[in-house]
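Structure first, commentary second.
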Protein chains: 4
Amino acid sequence: MIVTLTAEAEPAAVRRALAGRGLWVRRLEAGGRVQFYVEPGSARVDAESLRGIAGVAAVAEEPTRHPRVDAQPGVVEVGGVSVGSGAPVLMAGPCSVESEAQIHEVAGHLAALGVTFLRGGAFKTRTSPYSFQGHGEPALTWLREAADASGLNVVTEVLSPERVPLLAPMTDLIQIGSRNMQNSALLEAAAAEEKPILLKRGMAATIEEWLLAGEHCLVHGAPAVVFCERGIRSFDSSTRNLLDLGAVALLARVHGLPVIVDPSHATGRRDLLLPLSRAAVAAGAAGVMVETHPDPGSALSDGSQALPLEAFAELARAVLAEGSP
Amino acid sequence: MIVTLTAEAEPAAVRRALAGRGLWVRRLEAGGRVQFYVEPGSARVDAESLRGIAGVAAVAEEPTRHPRVDAQPGVVEVGGVSVGSGAPVLMAGPCSVESEAQIHEVAGHLAALGVTFLRGGAFKTRTSPYSFQGHGEPALTWLREAADASGLNVVTEVLSPERVPLLAPMTDLIQIGSRNMQNSALLEAAAAEEKPILLKRGMAATIEEWLLAGEHCLVHGAPAVVFCERGIRSFDSSTRNLLDLGAVALLARVHGLPVIVDPSHATGRRDLLLPLSRAAVAAGAAGVMVETHPDPGSALSDGSQALPLEAFAELARAVLAEGSP
Amino acid sequence: MIVTLTAEAEPAAVRRALAGRGLWVRRLEAGGRVQFYVEPGSARVDAESLRGIAGVAAVAEEPTRHPRVDAQPGVVEVGGVSVGSGAPVLMAGPCSVESEAQIHEVAGHLAALGVTFLRGGAFKTRTSPYSFQGHGEPALTWLREAADASGLNVVTEVLSPERVPLLAPMTDLIQIGSRNMQNSALLEAAAAEEKPILLKRGMAATIEEWLLAGEHCLVHGAPAVVFCERGIRSFDSSTRNLLDLGAVALLARVHGLPVIVDPSHATGRRDLLLPLSRAAVAAGAAGVMVETHPDPGSALSDGSQALPLEAFAELARAVLAEGSP
Amino acid sequence: MIVTLTAEAEPAAVRRALAGRGLWVRRLEAGGRVQFYVEPGSARVDAESLRGIAGVAAVAEEPTRHPRVDAQPGVVEVGGVSVGSGAPVLMAGPCSVESEAQIHEVAGHLAALGVTFLRGGAFKTRTSPYSFQGHGEPALTWLREAADASGLNVVTEVLSPERVPLLAPMTDLIQIGSRNMQNSALLEAAAAEEKPILLKRGMAATIEEWLLAGEHCLVHGAPAVVFCERGIRSFDSSTRNLLDLGAVALLARVHGLPVIVDPSHATGRRDLLLPLSRAAVAAGAAGVMVETHPDPGSALSDGSQALPLEAFAELARAVLAEGSP
């Protein structure tokens, strides 16, 4: 926002009134006339409320660049589950779907713990071209059947536009991974399926870029977007990425949007998953998505960050407890 | 750690065993002999437990660079208050001490809300040389007397070695600001007073650098260090800094150290303080430090991020509730 | 690398010998036996040369994860132009191809200045779904014909796998944009065309991830990869991104790979393009790619960073001069 | 800047005119009235020139926060050497002054290569409290005498306010290290000596914060500030820090200030120093500061990044050649 003062205004008094509402401002001048530019890191306020301050001549606002995201409700129904309603949603499962037996076993365990979404990769995008790329199409079928057998929904990632028609019917929530957050061809293909999308934040995406990627999805047909924070790139290697719970609070509490937190990818450290899952819900997250595996030591990918099922059970209880008022 | 395998070992089996314990490894080879380097973002494990894995010949460890920090207990007594005990500690007060009347009024309010540390700046370091630098020595006296009148402890920042002898007797906890985390002359002068130190993390400090700064304090005489996370520098301007609750969980849950979170400086946004304060405690923080002001619009510094007293009361209740199991 | 010492070695002497070769090391111990882990930011040395140091028992190396990139020659022939030979290569043109007349006019001007590659977008990926997305297929034809008329090569970006067969025959160098550096479906489709690829670095990609993306291309059929540094994300808004010429020097001088620098996207500032283009070549870049426009004020996209043709002429002269020894 | 349009203006036309001058803008509206906020990453233009654009009613500017830095000339005389004049200045020497003999030997060699400033630490600030902290006062004397014997100036770092009076008479240029860029007590003490200051950029300091730290020095008595870029913190460990030559070009070419580049600390890699030193001068740097040592393997600190004298000789020749038009 830009606040333009009247010629007679006392700029220091107006500045105090703006600070009193939580606004950080920069002062600019044209002739003797003062204008305050409101910085992006300010608390959100209604422009109308500023027009009442003595000495304020006009308040200019920036039209939103993501009107559909702004209009999306904070609670999204996916496969009979309310995401964002206050009751934490648990999404869990292995990094990749490794066998029919494995995913059935996992699904049964998870359903008993209050999990409502089964996650698992059929197609994996990997940093190295020589790494395991997933079992592909058969894995999709195993995942869907395992979920159905245990009364769970499915969330799984799609990697290329041409595979969208294959994957979409098998999942309740189409996941777009962080490497593809700005892959517009993929966003458009996924959105055209008219199913809700789980949109992971890119590793170096600003909040505004993330919301604009969500707008892309809504413009091209997706009925709803659930945002997923999974850690951003930073300078410390003690955790693999940096979990940005400030972004979660901002989306959930200020923008009123449903956000899932993925602490597995955010930290890569099994020993931090429980406290950070609780913290995510306290910050406003609609739920968490956690990698779990019956035997992390035999996982075909990312076993180092997967939580064994018994440890996951403890996490699940803590998250559900955190959600109750 | 470096894990050296026996000549007969099956490297893939050892790698799985390591991943099964939450370790990320890089494989290196000398001749046919395999060594795994354990990456920093791994879960913490005991080296001894790895020596029992079949195929492991030796496990080399890096000697700690901060033995005194490692040996410090997780609960620190400061002015009769246990920091790190599980009961959240509330530190609050204005950015700067503005007048004797103001600080007395604030102290009285805060004491009634369960606050045990009164914060307030007497000497302020500012980015611009033209900004308000604090009321100096008189403000220190006002702060101490206000705290005493309400049965509170004092925490306040020191900016230069030569003012340490003046400030130390007036405070229960000597604060080192983030700009000075690696100012060794100041750390040494503060530590020589033999009082506990509140050590704010530098804006771009790694966890290891932060712990080493703590070691500096302990080596030079400080009886204890309380760490304070206040946001690090990142690429998004939606919040002023980026609150790193992964670091808080790591220090609190893995290193067993007392950590206070300052959401005011971490985000600069009044509308995010409550959810992030709750999240901090859920992540393992020993408490929070929050800027509050009876009338943020008249604050001499940083009013935009200060919480009005009534909103602070709500935050205090939420934080204390979050701490109860 | 991991350097294991003999039981009788004097660790301090070995450490000095390693430092003397430009290596940063971390010391680890198993029993009394010392191992040094060589940190990634060290100068590159040959492992064999370390085995001769007194007290060194073994030197373990990490097998490269990108053997094909390592084997690629430093000079790549594209459309009759040697990229990486020492003579700076100029790639220039408008952000997007706006009309047949425009691109013909620009091509003629550029050819006279020593430019050998005409750049221009037919398909544009944009942060907002409401921004101009390019003129599409007709623009590709205009671009190719304009280049041919002036004896130039073409470099242009592809955004989705299904458009690769359309675009590939029209370009000499297939550009993968920074948002798609880890879009494996796109890398594979582009590589399958068996044409050289210009691989832009992702905004938060490490050097290793960038090289691995290059490996992806070579594994799937690309005959050569030319790397393109275009600025990474950082915390200062004085420039739009942060140009990482250290990465350029590392790829060019240590890895022996051809690297092009795009100062237009790296800084977004027209007033910095000339000095940074010169600096790029001095750091080892094989050339630069610069946005230029006959009338930046009428550009359909990114006019703010486009250099007017007359200013580009000055830049071209400076870059070509910088390249001569 | 904020550009306010007239009621009759055609906003799209004004936006194009602004983009045509290299400005990135955000559009805001109050009622039907349009205002453009000019973003920080824009090319620098004169506000007056914008007032002539048809449809522009007013152009508001932000008063500078560092008037003295803005007024400082681009060429600074230090000990008879013009810094910023176009002829590259070479500052070189060991990380720490290790002995009287060493520094005399080094000084003699360097003087013969065109070096005009001898660098060397007497007091070292170190991340670990257990690392070598420098030889202190005697080292200062050795440094001064060695420089005098070879006709060199001295540049050396001061770490605490109380040592400023001891150090200042022994040096021609008082160095403030990156860890202390915002240590206002130290800046004030150093500035009070009325000698030129070499101000290293903090590891996560924005350009504006760096300039404000320079303002601090000038306000408190320093006759001149020479800025020194030494790498900022980023996410890749291939180099120790990230050399920001965009910042160098910005300070040198847009702000007209003298900037020295320290590639040794910026990259930590001996194998990148030569190309990056040349690039620094090409980007506009007034010179470079490089760590060199007769025998890096025996250095008491940072030997891994020190260049042996013979390699430094090659670098010196390349830098001096880069400077000639």
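The values are calculated or read from the model by the stated rules, or taken from the named source; none is laboratory data. Predicted model, so just to flag it, every value in this text is computed and none were measured. No Cβ is skipped: glycine too gets one built from the backbone with ideal geometry, and neighbour counts run over all protein chains shown. For accessibility, only protein heavy atoms count, side chains too; no ligands or nucleic acids. Shrake-Rupley method; radii C 1.70, N 1.55, O 1.52, S 1.80 Å.
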Report the calculated FRET efficiency for residue B:70 and residue C:49 (r = Cβ-Cβ distance, R0 = 41 Å), to the nearest 0.05.
0.65
Going by accessible area, probe 1.4 Å, with all protein chains left in place, what is the ranking of A:210, B:142, largest first?
B:142, A:210
Non-local residues with an amide H under 5 Å from the amide H of residue B:232, with H modelled 1.01 Å from N and Pro and chain starts lacking one, are B:242, B:243, B:244
What does the accessible area of residue D:130 come to, in Å² to the nearest 10, when a probe of 1.4 Å is used?
120
Every other copy gets compared here: list the nm distances from the residue C:31 label point (7 Å along Cα to Cβ) to its counterparts, shortest first, one decimal.
1.6, 8.6, 8.7
In sequence order, what are the phi-derived ³J(HN,Hα) couplings for region D:289-306 according to the Karplus relation 6.51 cos²θ - 1.76 cosθ + 1.60 with θ = phi - 60°, rounded to whole Hz, with x for glycine and proline?
10, 10, 7, 9, 8, x, 8, x, x, 10, 5, 7, 7, 6, x, 4, 9, 6
Calculate how steeply helix B:11-20 sits against the longest principal axis of the alpha-carbon atoms of chain B, using the helix alpha-carbon long axis, and give the answer as 0 to 90 degrees to the nearest 10.
30
How far apart are the residue D:194 label points across copies, placing each 7 Å from Cα toward Cβ, in nm, shortest first?
4.3, 7.8, 8.1
Using only DSSP helix segments of four residues or longer, with each worth -39500 (n - 2.57), what per-residue ellipticity at 222 nm results for chain A after dividing by its residue count and rounding to 500?
-9500 deg cm²/dmol
So the FRET efficiency between residue B:39 and residue D:39, C-beta based with R0 = 41 Å and rounded to 0.05, is 0.60
Tilt, helix A:207-219 to longest principal axis of chain A (alpha-carbon atoms), in degrees rounded to tens, equals 70
Using 31 Å as the Cα-Cα cut-off, could you pick out the over-long pairs in B:200/D:124; A:124/C:124; A:200/C:124; B:195/D:195?
B:195/D:195
What do you get for Rg/Rh of the protein assembly as shown when both radii come from the Cα atoms and Rh is the Kirkwood radius?
0.94
Enter the accessible area of residue D:271 (Å², nearest 10), with the probe set to 1.4 Å and all protein chains included.
50
Taking every pair of Cα atoms in region C:187-325, average 1/r, invert it to obtain the Kirkwood radius, and report Rg/Rh to two decimals.
0.99
From most to least accessible, 1.4 Å probe, no ligand or DNA/RNA atoms counted, D:270, A:51 line up as A:51, D:270
Where in region D:276-298 does accessible area fall by at least 50 Å² between the isolated chain and the complete protein assembly, at a 1.4 Å probe radius?
D:278, D:282, D:297
Within 10 Å of each Cβ in A:38-49, how many Cβ atoms from other chains are there, averaged over the peptide?
4
What gaps in nm, shortest first, separate residue B:85 from its twins in the other copies when you place the label 7 Å past Cα toward the beta carbon?
4.1, 6.9, 7.8
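How high is the FRET efficiency between residue B:194 and residue D:194 when r is their beta carbon distance and R₀ equals 35 Å, given to the nearest 0.05?
Details: r = 37 Å, r/R0 = 1.07.
E between residue B:194 and residue D:194, to the nearest 0.05, is 0.40.
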Taking chain A and dividing mean pair separation by its residue count, relative contact order in percent (alpha carbons under 8 Å, at least six apart):
15
Check which residues have an amide H placed less than 5 Å from residue A:93's amide H, if you skip close sequence neighbours.
A:119, A:290, A:292
Express the carbon and sulfur contribution to the solvent-accessible surface of chain B as a percent, rounded to the nearest whole number, probe 1.4 angstrom.
49
In whole µm²/s, the translational diffusion coefficient that Stokes-Einstein assigns to chain D, given a Kirkwood hydrodynamic radius over C-alpha pairs, 10 °C and 1.306 mPa s, equals 76
Ranking by accessible area, most exposed first, for D:195, B:200 with a 1.4 Å probe:
D:195, B:200
For labels at residue C:29 and residue B:145 in the simple 7 Å Cα→Cβ model, what's the distance in nm?
5.6
If you count, for every residue in D:19-32, the Cβ atoms of partner chains within 10 Å of its Cβ, what is the mean?
6
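Nearest 100 Å² is fine: how much accessible area is buried between B and A, summed over both sides, with a 1.4 Å probe? Walk me through the numbers on the way to the answer.
Numbers: alone 14310 and 14320 Å², together 24280 Å².
About 4400 Å² of accessible surface is lost on pairing.
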Can you give me the long-range amide H partners of residue C:153? Hydrogens built in the peptide plane at 1.01 Å from N, cutoff under 5 Å, separation of 5 or more residues or another chain.
C:117, C:118
In units of 2.2 N^0.38 Å, the Cα radius of gyration of region B:243-325 is 1.10
Hey, if you drop one equal point scatterer on each alpha-carbon of region D:43-156 and run the Debye formula without solvent, what base-10 log of I(q)/I(0) do you get at q = 0.16, 0.18, 0.19 Å⁻¹?
-0.81, -0.93, -0.98
If you draw the axis that swings chain B onto chain D, which residue of B has its Cβ closest to it, and how far is that in whole Å?
B:204, 2
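I need to check one value: relative contact order of region C:86-219, counting alpha carbon pairs closer than 8 Å and at least 6 residues apart, in percent.
Working: 228 pairs, mean separation 24.9, N = 134.
Over region C:86-219, the number comes to 19 percent.
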Between 0 and 90°, nearest 10: helix D:100-112 axis offset from chain D longest Cα axis
60
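In the calculated pair distance distribution of region C:1-108, what percentage of Cα-Cα distances lie above 21 Å? Could you put the intermediate results ahead of the total?
On the way: 3355 of 5778 pairs.
Of the Cα pairs, 58 percent sit more than 21 Å apart.
Under the definition of partner shielding as Cβ atoms of other protein chains within 10 Å of a residue Cβ, what is the mean value for peptide C:127-135? Display every interim value, and only then the final one.
Working: counts 11, 9, 16, 7, 2, 0, 1, 0, 0.
Mean shielding by partner chains, rounded to a whole number: 5.
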When ligands, DNA and RNA are left out and all protein chains stay put, how many square angstrom of accessible area per residue does the protein assembly as shown have with a 1.4 Å probe?
31
